[in-house]
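Readers should treat all values here as calculations from the given coordinates under stated rules, not as data from a laboratory. All of these numbers come straight from a predicted model, not from anything done at the bench.
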Amino acid sequence: MKLIFKSLLGLFIILTILYSCGEKSYKMGDLSAPTNLKITAEVAGANAANPEGDGSGDVKITVSADNALSYKVDYDANSPLDLVYLSTGAATHKYTTLGVNTYRITAVIYGKGGTSSTITKDVTVKSTFTPDVSVIANLTGSTSKTWVVDKSVAGHFGVGPWDPNNASPSWWAANVNEKVACCNCFYTTTFTFAKVSATNSYTLQVTNPDGAFTKTGSLSTIPGIPGSGDEGCYPYAGGTGPFAFAPSSSGISAATPSTKTAIILAGNDTYIGYGSLQKEYEIMVLTSSYMYLRVQGTETGNAWYIKMVPVN
């Protein structure tokens, strides 16, 4: 028994010595939040005679700071918080509320270890665009109108290059009912466009009985969508948010049939057809019974095309 005890005691002493010799000292690195924050806002067409810009509503926003790793920005503090990721710290945003309006930009700049700093800046912008009356009437029925993706026709969903001289789904076009088996939510989701006459404004209600058809992670802005996974249907009840009309910014060729008018969505709760990162949908064709949209895809260089019809 004494021999066993001595052996165990000796083993304990050896292990203690080895542990003491191998022990390392760890030190927390510098976790200082970003400093020297700055927001610049260049209003398109602004000059001495037109300080609020040329009426396009376009503003180039640049965010910078020392020790910055990533940036998010909320373009308008008057609406619900909508932080959008800026991969380079710069983007051009289109403000679409008619008239001259002041918006408060809020930028959150992230540093090491999840530290962050926040800065705000006010910008005053003029928007003078008014769409053709037929666009409003056909889209909203002058009050409210509900649309769905038209699965009954080929090419109801397509992909092509984001190229002003090639505005067609030349890379891929869906067959009739193509997404029924994998992603039927693409067809069951409804999109109700409404005109609010009292405020001369517009709203979009998205209703998702079977979830939202979208990509995941950084390729989607829809709330609650998983951080990873394949393209598909993901649980989402839908949402309602404002939208506005604006001149399309795609630079599409004048020879290409298009209304040159875009639907601009606000916030992350709404989308049209497919859960896109972008919020500007160019109206290529719009009649009382048919709508054809083009939107910049989630992947760089892609354009998506969507055909829709009213709900009977």
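Which entries of Lys195/Lys307; Lys112/Lys279; Lys145/Lys195; Lys38/Lys60; Lys38/Lys121; Lys72/Lys260 show an alpha-carbon separation above 20 angstrom in the structure shown? Intermediate values should be presented prior to the final figure.
Details: Lys195/Lys307 22 Å; Lys112/Lys279 30 Å; Lys145/Lys195 9 Å; Lys38/Lys60 14 Å; Lys38/Lys121 9 Å; Lys72/Lys260 30 Å.
Too far apart for the 20 Å limit: Lys195/Lys307; Lys112/Lys279; Lys72/Lys260.
Jot down the radius of gyration and Dmax of the stretch 61-188, Cα atoms only, both in angstrom.
Answer for the stretch 61-188, Rg first and Dmax second: 20.5, 54 Å.
Do you know the relative contact order of the chain, to the nearest whole percent, from alpha carbon pairs under 8 angstrom that are 6+ apart? Could the numbers behind the result be given before it?
On the way: 723 pairs, mean separation 43.9, N = 312.
Worked out over the chain, it gives 14 percent.
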